Amino acid sequence: MSQGNSLSGLQERHGPRYRWLLLLSVMVGTTASIMSSTIINVAIPDMSHHFSLGQERAQWVSSGFMVAMTVSMLTTPWLLARYGYRYTYVGTMLLLMAGGVAGGLAGAFPLVLAARVAEGLAAGVVQPIPSIIILRAFEPHEQGRASGIFGMGVVLAPAIGPSIGGVLVDLFGWRSIFFIVVPFCVASIVLAMRFVPTSAPGGATAQRGGSLDWRGLLLCTAGTLCLLNGLVELKDNPAGASALLLAAGIALGSFLAWERRHKARGGIPLMDLALFSSRGFALSAVVSVIYGIALFGSTYLLPVYMQLGLSLSASYAGTILFPSGLMLSVAIAVGGRLADRYPPHLLLTTGLGMLAVSFALMFTASSGAGLWLLFAWAILGRIGIGLLQPSLSLGAMRSVDRSLLPQGSSTSNFLRMLGGAAGVSLCGIALEWRIGAHGDSLINAASSPARLHAFNEVFWMLAAICALAMAVAWRLRTPSPSPASGNPE
C-alpha cells in the first residue's frame, strides 16, 4: 500500500478538512446509486408502452434493481476487507456506469432488466460505506451533523433527477434517463482516486485471502427472490404464491442458521447475528424493514399515480416532485442536527407520523385543488423522511461494537432495502388488485373515479404501515454513543 494513499498520508496531505473531503467523495457515488434507483420510476409508463408490458412485468425494472441491491449489500464488509475502500468503491462506480450505458442502448426488455440488475449490484455495495465512514471519522457529537449534511447532498440530486428525467423522457424517450448517472460516476471515480484510502476498515492493509460466504449469499438470494415472486403471484395464483412464500421462509431461515454455524466455525458471516443482541439495533432493524416498505413503495407509486391516475405528463410529474425533493434535502440536514440533541424515538415517531398523514390525505389530490394539495402532502411526507432518516441510522449503529460497524451498516441497509423491494412489489400488486376490484384496468388509456379510488386505497395501506412503524419506534431509547471515534478506518 502506497504511503501517500494510506489514511495517515492523506490526512497529512489534506489536514483537518480531510474527513469532509472523504465524505464528499463517497457522497457523489452514493448520489449516483440512489439516483439510478429512483429516476427510473418516471420512465416506467413510457417503457411499458414501448415493450408492451403489463404492470407486474414493468415493476420488475424497479424491484429487480432492488433485489440485486438488497443482496449485494451484505458483501460490502468482505469486499472492503479484501480490496480496501478505494478499489471497492471505484469498482462499484465502474459497474454502475456500465449498467447505465448498457440499459440506455438495450433493444430488448431482458437486456434492460439485466442492466438494472448490474446497477443494483453496484448500488448495494456502495451504500453501506458512508455510514461506516461517518461513525469512524466523526466524534459522536458530530455524527448527526455529518449524517445530515451527507443526506442533504445525497437527496438533492435525486430530488432534481425526476424533474430532469421527466423532461428527458418527454423529449428523448425512456432510454435517455439511463445515461444520467454517467457524469456522477466519472466525478466519483476522480474524487475517490484522490481522497479515499486504499486500506481496509480498522486501518489494516487489504488482504486478498479469505473466501466470500457464497453459501450464505445463495441462500439469501434464493429467499429474497422467492419472497418477491411469491408476493407477485398472490393475486392470480394463490397456490403458487403459497409455495414460493414457504420456500422463501425456508431459504431465509436456512440463511440465518448457516450464518450462525459459519461464524461458530471461524468463518466471516455475511450477517453477524451478534448485532441483534443490542436492543437499539434490533428495534431499529424492525423499523428499517417497515420504513423501507413505505418509503420505496411510495417512491414507485407516486409517479405512477400522477401519470396513470391524474393523467399528468412525465415532465409534469417530475416537476411536482421537485419542490418536495428540495424540502427533503433541507429537512434531512435539520434532522441530522436534531439527531445530536434529541433521542431517536422522538424524531422517528414524529417523522413517521408526518409520512403517514401525507399518505392518508393523498386522496384529496383528485379534487379541484388537487395539484396544490399534492404539492403539500408530498412536501409533508418528505419533511417527515428528513427528520427520521438520520436518527434511524444513528439509532441503529451507536450501540454497536466498533468491530461490527461494517457488518452493522450492511445489515441495516440490507433490511431496509429488503423491506423496500417488498414494498415495490406490494404496491404494484395491491394497485392491480384494487383497480380490478373496482372494475377498471391500467390497459385503459383514460383514468376514472374507480382508478383514483384504487390508488387512494393503496396510499391508505402505506399510511397504516407507517403507523405500525411508529409503534415500534416509540420503544427505542437513546443508546450510549460509541466511546471511540475519530478514525475513518
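Structure above, values below:
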{"read-out": "Helix 314-339 vs. the chain, principal-axis angle (Cα, 0 to 90°, nearest 10)", "value": "40 degrees"}
{"read-out": "Sorted by Cβ neighbour density within 10 Å, fewest at the top, the residues Arg145, Arg265", "value": "Arg265, Arg145"}
{"read-out": "Least to most buried among His50, His262 (fewest other Cβ within 10 Å first)", "value": "His50, His262"}
{"read-out": "Nonlocal amide H pairs with Val196, under 5 Å, H built at 1.01 Å", "value": "none"}
{"read-out": "Label-point separation in nm, Asp170 to Ser313, each point 7 Å along Cα→Cβ", "value": "0.3 nm"}
{"read-out": "3J(HN,Hα) from dihedral phi, segment 89-96, Karplus parametrisation 6.51/-1.76/1.60, rounded to Hz, x for glycine, proline", "value": "5, 5, x, 5, 5, 5, 5, 4"}
{"read-out": "Neighbour-count ranking [beta-carbon atoms within 10 angstrom, fewest first] of Glu259, Glu12, Glu457", "value": "Glu12, Glu457, Glu259"}
{"read-out": "Ellipsoid semi-axes in whole angstrom, largest first, where each is sqrt(5λ) of the Cα gyration tensor of segment 214-270", "value": "28, 9, 5"}
{"read-out": "Estimated 222 nm signal from helices in the chain, with DSSP H stretches of n ≥ 4 weighted -39500 (n - 2.57), rounded to 500", "value": "-25500 deg cm²/dmol"}
{"read-out": "The chain - Debye-derived log10 I(q)/I(0), Cα point model, q = 0.08 Å⁻¹", "value": "-0.44"}
{"read-out": "Fully extended contour minus Cα-Cα distance, from Ala264 to Ala243, at 0.36 nm per residue", "value": "4.4 nm"}
{"read-out": "Calculated from backbone phi, Karplus (6.51, -1.76, 1.60) coupling profile of segment 243-254 in Hz, x at Gly/Pro", "value": "5, 5, 5, 5, 4, 4, x, 5, 5, 5, x, 5"}
{"read-out": "Cα-projected label distance for Leu346 with Tyr87, points at 7 Å along beta-carbon direction, nm", "value": "4.7 nm"}
{"read-out": "Backbone HN-Hα couplings from phi across segment 31-37 [Karplus 6.51/-1.76/1.60, Hz, Gly and Pro as x]", "value": "4, 4, 5, 6, 4, 5, 7"}
{"read-out": "C-alpha long axis of helix 60-72 to longest principal axis of the chain, angle in °", "value": "20 degrees"}
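Only the coordinates and a few stated rules stand behind these numbers; no lab work does. Only a predicted model underlies this, so the values are computations on that prediction, with no experimental measurement involved. Reconstructed Cβ throughout: ideal geometry from the backbone, glycine too, with neighbour counts over all protein chains shown.
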